[in-house]
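Before any comments, here is the structure.
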Amino acid sequence: MYFKHVVPEKPELKVFSKNPGFFPFFKRKKENIWGFFNFNNFMAKNKKNEIPHYELLYIVSNKYTEDELKPIVLNVNKTIEENGGKITYKEDWGKKKLAYSIKHFNYGYYSLAEFDIEGGQVEKIDKELRMSSEILRHTIVVKIAKTAEEIKAEKTRAKVIVKKAIKEKRKEKEEPLKKEEPKTKVDLKDLDEKLDKILDTDDLL
């Protein structure tokens with residue numbers, strides 16, 4: 001059985017690892033949800049028989065220098081490849097402050113590796129990483145691929161939003177600006193003449 005750790009910032013990811021310890025994502029609040037998951041069940045539900053895609057995030061002790069870190073990262077990559085994994089992406093996040101102290105260390109080097117591998121082989125990688133004295137903590141993530149229908153639905157929603165935004169922008173441009181009607185200027189001379197005519201009429205007698 002495997003612990004399941006749902007990362008709030010990445011809802012599309014599900015994290016599965018044997019490591020029961022809490023994984024320190026920097027200073028992130030402890031909002032993680034734990035449960036159980038079996039890799040065999042996941043493989044049984046994979047109807048397309050596609051090779052699962054995983055993400056490994058691990059922390060290396062900061063007692064090592066950046067030059068000493070390089071061979072450690074290479075060794076982790078080698079562990080993945082020797083167990084039949086194909087690395088598709090790598091990224092170093094640098095030195096970060098941990099959310100809590102691990103083995104009296106408050107800082108660590110964060111590294112990420114994405115790879116394709118058969119589900120059964122992940123157990124071997126997990127075991128080797130847990131035995132490593134250089135790695136403070138690690139977590140393995142299985143990325144659930146989106147179906148063609150889900151991708152199509154997302155694109156459709158995006159198009160609707162874009163079209164609506166364009167339509168509203170055009171409407172704003174087409175609306176004529178309301179001009180203030182010029183106020184009628186009163187000519188004092190004309191007003192005096194009209195007043196004199198009224199006063200001269202017999203109607204006032």
For the pair LEU112 and ALA153, what calculated FRET efficiency results from E = 1/(1 + (r/R0)^6), where r is the Cβ-Cβ distance and R0 = 25 Å, to the nearest 0.05? 0.30
Mind scanning LYS86/LYS152; LYS95/LYS164; LYS96/LYS124 and naming the pairs with a C-alpha gap bigger than 32 Å? LYS95/LYS164
Please give the contour-minus-distance gain from ASP190 to GLU128: 0.36 nm per residue of separation, less the Cα-Cα distance, rounded to one decimal in nm. 12.0 nm
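Quick note: the coordinates plus some simple rules give every number you see, no bench work behind them. Quick caveat: nothing in here was measured; it's all calculated off a predicted structure. Please note: Cβ atoms are built from the backbone with ideal geometry, for glycine as well, and neighbour counts cover all protein chains shown.
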